[in-house]
Amino acid sequence: MSTTALLDRPTPVRHLRAVNHPAVAETAEAAATPAAPSRALPAGTAPRGFALYVGLDEAKAAASGVSLGVLVDALRRTIAELAPSAETYATVALAPVGAGGRDVDVVRLALHEPSAVARTKQEEPEDEDPSAGGVVVDISRKRVLIDGESAAFTFKEFELLQYLVLREGRTIERTELVTSLWQGTTDDDAPGERTIDVHVRRLRAKLGRYEDIVRTVRGVGYRFDRHADVVIRYGHGTPSPDRF
């Protein structure tokens, strides 16, 4: 998918409207009382929202006279009408060019929907050569191999490296790293911009002689550039960055 087209979103020209079907009106009072879910839920859990996977690439959207950004805006406006207190979050599913299968299945797999992954996941062969040099950033297994050895990255250090890798060639400002990697934390818990520098220094220390794959853009932030000694493995779907 072209990320440029997603970022340069046209002005929305369509808006989905709530359908006031007679059957809905008749059951509105009954719907106000929570009903038992159709499927048994794990003990101690309760529904908090839902995910709607949409299988549609940019070409098919354009053929229908819309874009992915227009559809997202229309859905958000409709949800705001039906449930003003609802919070929404949208991301685009990235998949390798030429990935086969139904669009919606590709999307579910790219976004790591559990049942889709469970149906398709197979054990990948341990094909690492301990004597091989370089860095392997294994997105699917959440690990980094350096010269054939597994590096002791913390969860946050891996998240930081992954964030930069998935935005290869783009300089990421410190403020973006804070807001994206520490979502849901309070202002007191979120690190300051200078704390990001500390995380990057620790990350580089663990990369050793390959530390220059994370580059500093003075006065702005950090960037990952493609490097001959680095291999990126995406496995069962690429974690998808925000686009909307």
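The values are calculated or read from the model by the stated rules, or taken from the named source; none is laboratory data. Bear in mind that the values here come from a model prediction, so they are computed numbers and not experimental data. FYI the Cβ positions are ideal-geometry reconstructions off the backbone, even for glycines, and counts take in every protein chain you see. These accessible areas exclude ligands, DNA and RNA; they are computed on the full protein's heavy atoms, side chains included. Shrake-Rupley method; radii C 1.70, N 1.55, O 1.52, S 1.80 Å.
For the reader, a short list of remarks on this structure follows.
- The stretch 141-150, subset open to solvent by 40 Å² or more (accessible area, probe 1.4 Å) and either within 30 Å of Tyr53 (Cβ to Cβ) or in contact with a helix residue (DSSP H, G or I) (Cβ under 9 Å, 6 or more places away or on another chain) (or both), residue modelled with the highest pLDDT: Asp147
- One residue stands out among those in the stretch 191-214 that are open to solvent by 60 Å² or more (accessible area, probe 1.4 Å) and within 14 Å of Glu173 (Cβ to Cβ): the one that is modelled with the lowest pLDDT, which is Glu193.
- Of the numbered criteria (1) at pLDDT 85 or above; (2) within 23 Å of Leu111 (Cα to Cα); (3) not in a helix (DSSP H, G or I), the one Glu168 fails is (1).
- Thr175 vs. criteria open to solvent by 70 Å² or more (accessible area, probe 1.4 Å) and modelled with pLDDT under 90: no
- One residue stands out among those in the stretch 87-127 that are open to solvent by 50 Å² or more (accessible area, probe 1.4 Å), assigned to a loop (DSSP other than H, G, I, E, B) and touching a helix residue (DSSP H, G or I) at 6+ places or on another chain (Cβ under 7 Å): the one that is modelled with the highest pLDDT, which is Thr88.
- First in the stretch 71-85 and without any contact (Cβ under 8 Å) to a residue 12 or more places away in the chain and under 15 Å from Phe50 (Cα atoms), second anywhere and surrounded by 15 or more Cβ atoms within 10 Å (Cβ to Cβ) and hydrophobic (A, V, I, L, M, F, W, C), Cβ under 6 Å, 6 or more apart: none
- When residues of the stretch 44-68 are limited to those that are loosely packed, with under 12 Cβ neighbours inside 10 Å and within 18 Å of the chain's Cα centre (by Cα), the one farthest from Arg108 (Cα to Cα): Gly49
- Checked against the criteria, Glu81 does not count as modelled with pLDDT under 90, part of a helix (DSSP H, G or I), open to solvent by 80 Å² or more (accessible area, probe 1.4 Å) and charged (D, E, K, R).
- Pick from the stretch 69-78, criterion open to solvent by less than 50 Å² (accessible area, probe 1.4 Å) and over 22 Å from Gln183 (Cβ atoms), ranking: farthest from the chain's Cα centre (by Cα): Thr78
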